[in-house]
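Scroll down for the structure; my scribbles are underneath it.
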Amino acid sequence: MADRDPEGGIIARIAEGVAALPKEEWDACAGTNNPFVSHDFLSALEDSGSVGPGTGWKALPIVIDGPDGRIAGALPAYVKGHSQGEYVFDHAWADAFQRAGGRYYPKLQIASPFSPVPGPRLLLRDPRLAPALLAAAETVVNQNGLSSAHATFVEEAQLPMFEAAGWLIRSDSQFHWTNRGYGSFDDFLAELSSRKRKDIRKERAAAVAGLDIVHLTGAEITEAHWDIFWHFYQDTGARKWGQPYLTRECFSLLGERMADKILLIFAMRDGRAIAGALNMIGTHTLYGRYWGCAEDVPFLHFELCYYQAIDVAIARGLATVEAGAQGGHKLARGYGPVPTWSAHYIADPGFRRAVRDFLEQEREASAQEREWLGERVPFRKG
């Protein structure tokens, strides 16, 4: 499918997946800061069957070619038959629209699947193409009878592009850790209240008693390690989502294509891994993604997913740690509330008005909650 912008003569086309597009051209638009929009990551989801037939995620990236014939702008877009794996919950919208006689699914999702990670959603080698890309997404919705388009976990710098196009903006919150130039974990603890410093030290000591903590990245990660982590991931995924989103092959492909962007952390007891956490390494951020365990050890989740991540960020000079969606318990461990954003195009005018009114109230409530949480971070006052 191609769509011509009548004002600018720009043609947008839909490709049969990111894997079908040239890696160098896609990554020239996506940049290098965020691994979750890279060709390696998105194509691994497709090639492994984690998205595609039977998953409810059909990859249909929207791209615009530049005068040189190379991709100049792209949207990582998917036609969705459900709302699973998004972490921005619109189930109530779907129910309301369907009760009113509409059909909410299929819809268009602009996202990195299964990844509640803020990042660019308009992938632009030529920033002037932003309006044309969003117009193309709207055209896909309107011409194919879709209910809506949703760009989730949009980095804040791109919000004005969506607002200029008239998309509705939604806000939520996550908890991120910020590196304030710390030289060590103790430097970070020194900024916390005395009680919190003691609590965290006790948690860390209890979590690792009798265990060895191992960090693996790059060529150090083998298929045997992926076999171990796959069992952890399956257990956690079954409990959280009913069934894991990623296939076993996906982990192998990620290891083949972007091992230097991956950090596996294992807790070992007598040479056997009993728990593990998977992190992705960005230019400025460490992203905590998945965790699982074979033994229930108090505080070990906090150690592997939060404290070890802080250690790594300090050692690598990374600015932030993003430890995934939700989790108010992160607040007590030095992770502060930050806003996350999504943008929504609703085709039906009446439904659009209802969603707009809802979002105005929700944004205010979300901002008030972040303010309340921000006053309860465990840092020393004054």
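The values are calculated or read from the model by the stated rules, or taken from the named source; none is laboratory data. Since the structure is predicted, the reported quantities are computational estimates derived from the model, not experimental observations. Neighbour counts run over all protein chains shown; Cβ positions are idealised from the backbone, glycine included. Heads up: the accessible areas ignore ligands, DNA and RNA and are worked out on the full protein's heavy atoms, side chains in. Shrake-Rupley method; radii C 1.70, N 1.55, O 1.52, S 1.80 Å.
A cut-off of 5 Å between modelled amide H atoms, ignoring neighbours fewer than 5 places along the same chain, links G282 with Y287. When all alpha-carbon pairs of segment 77-185 are counted, what percent fall beyond 24 Å? Above the 24 Å cut-off, segment 77-185 has 32 percent of its Cα pairs. Taking the 1.4 Å solvent-accessible surface of segment 248-347 as the whole, the part contributed by carbon and sulfur is 52%. Residues within the reach of a label modelled at H215 (point 7 angstrom out along Cα to beta-carbon, backbone nitrogen below 16 Å), restricted to segment 170-194, are 179, 182-188. Scalar couplings 3J(HN,Hα) for segment 106-114, obtained by applying the Karplus form with A = 6.51, B = -1.76, C = 1.60 to θ = phi - 60°, are x, 9, 9, 10, 10, 6, 9, x, 6 Hz; x denotes Gly and Pro. Whats the longest run of the chain with zero trypsin sites (Lys or Arg not before Pro) that are DSSP loop and have at most 12 other Cβ atoms within 10 Å? Counting only loop sites that pass the neighbour cut-off, the longest clear stretch is 181-375. Based on every Cα atom in the chain, Rg and the maximum pairwise Cα distance Dmax equal 21.5, 67 Å. With a ≥ b ≥ c the root eigenvalues of the C-alpha gyration tensor of segment 1-99, is it rounded (a/c under 1.5), prolate (a/b larger than b/c) or oblate? Cα axes put segment 1-99 in the oblate bin.
Would you mind working out the accessible area per residue for the chain, using a 1.4 Å probe, and quoting it in Å²? Let's see the in-between values first.
Details: 16360 Å² over 382 residues.
That works out to 43 Å² per residue.
Is segment 122-228 best put as rounded, prolate or oblate by its Cα gyration tensor, with a ≥ b ≥ c the root eigenvalues, rounded for a/c under 1.5, and otherwise prolate when a/b is larger than b/c, oblate when not?
On the way: a/c = 2.93, a/b = 1.96, b/c = 1.50.
Note, shape of segment 122-228 comes out prolate.
When the chain is fully extended, how far beyond the present Cα-Cα distance does D187 get from D227, taking 0.36 nm per residue of separation?
Numbers: separation 40, 0.36 × 40 = 14.40 nm, distance 3.65 nm.
Contour length minus the Cα-Cα distance gives 10.8 nm.
The simple spin-label model puts a point 7 Å past each Cα toward its Cβ; for E249 and F358 those points are separated by 3.7 nm. Our estimate of slack between E163 and T178, defined as 0.36 nm per intervening residue step minus the Cα-Cα distance, is 2.6 nm. A Förster radius of 30 Å, combined with the Cβ-Cβ distance separating N142 from D68, puts the computed FRET efficiency at roughly 0.50. The stretch between I11 and D348, if pulled fully straight at 0.36 nm per residue, gains 118.8 nm over its current Cα-Cα span.
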